[in-house]
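The values are calculated or read from the model by the stated rules, or taken from the named source; none is laboratory data. Computed from a prediction, not measured in an experiment: that's the story for all the values here. Positions of Cβ are generated from backbone atoms using ideal geometry, with glycine treated the same way; all protein chains shown enter the neighbour counts.
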């Protein structure tokens, strides 16, 4: 039994190493995003439970399986958008190489930008959940994360030919 477990661990390690080699910097960002998705989900459940305790007469307060399922669907949607952005990256690189363009990096940026944007979104949600739990939240951190998120949004429009600055 121990040998089967060791083989399983080796297979998982090999798969993660292969993914890391293929995705580059996107791999740790995706791992961090998935961890933050789980933290956001858990903090949301805890915040909802606290609200239900504080407002027992209000049926709109508290956690419900419907709200939880909607949250999970939304997070799956995030991953779908990131997958689409990664496909766009792949197509751009392959077409550019086949046409002989040399200025395109081996790994394009849409997947990474989308993943970071969603990661920042999760971080803002975790901060919001902490506030709902009653924790004092420094407003500067939420503002700083929002500024970073807006910078990513702006980077998508800066190069569209409408005169945006870099």
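State whether one or more residues within region 79-101 are in contact with a helix residue (DSSP H, G or I) (Cβ under 9 Å, 6 or more places away or on another chain), within 28 Å of residue 134 (Cα to Cα), outside any helix (DSSP H, G or I) and at pLDDT below 85. Among the residues of region 79-101, not one is in contact with a helix residue (DSSP H, G or I) (Cβ under 9 Å, 6 or more places away or on another chain), within 28 Å of residue 134 (Cα to Cα), outside any helix (DSSP H, G or I) and at pLDDT below 85, which makes the answer no.
Regarding region 5-25, can at least one residue be identified that is touching a helix residue (DSSP H, G or I) at 6+ places or on another chain (Cβ under 6 Å), modelled with pLDDT of 90 or more, within 29 Å of residue 120 (Cβ to Cβ) and assigned to a helix (DSSP H, G or I)? No.
Let me confirm something: among 136, 59, which residue is out of contact with any helix residue (DSSP H, G or I) (no Cβ under 8 Å at 6 or more places or on another chain) and at pLDDT 90 or above? Break it down stepwise before answering.
Values: 59 fails: at pLDDT 90 or above.
So the residue among 136, 59 that is out of contact with any helix residue (DSSP H, G or I) (no Cβ under 8 Å at 6 or more places or on another chain) and at pLDDT 90 or above is 136.
Scan 81, 76, 88 and give me the residue that is farther than 15 Å from residue 33 by Cβ and either surrounded by 14 or more Cβ atoms within 10 Å (Cβ to Cβ) or free of Cβ contacts under 8 Å to residues at least 40 places away in the same chain (or both). Full working, then the answer.
Working: 81 fails: farther than 15 Å from residue 33 by Cβ; 76 fails: farther than 15 Å from residue 33 by Cβ.
One residue alone meets the criteria, 88.
Scanning region 54-64 for residues that are surrounded by 10 or more Cβ atoms within 10 Å (Cβ to Cβ) and either within 18 Å of residue 131 (Cα to Cα) or within 31 Å of the chain's Cα centre (by Cα) (or both) yields 54, 55, 61, 62, 63, 64.
Look at residue 104 and say whether it is closer than 25 Å to residue 152 by Cα and at pLDDT below 85.
Working: closer than 25 Å to residue 152 by Cα: yes; at pLDDT below 85: yes.
Against the criterion (closer than 25 Å to residue 152 by Cα and at pLDDT below 85), residue 104 qualifies.
Note on region 2-44: residues that are without any contact (Cβ under 8 Å) to a residue 40 or more places away in the chain and farther than 27 Å from residue 87 by Cα total 11.
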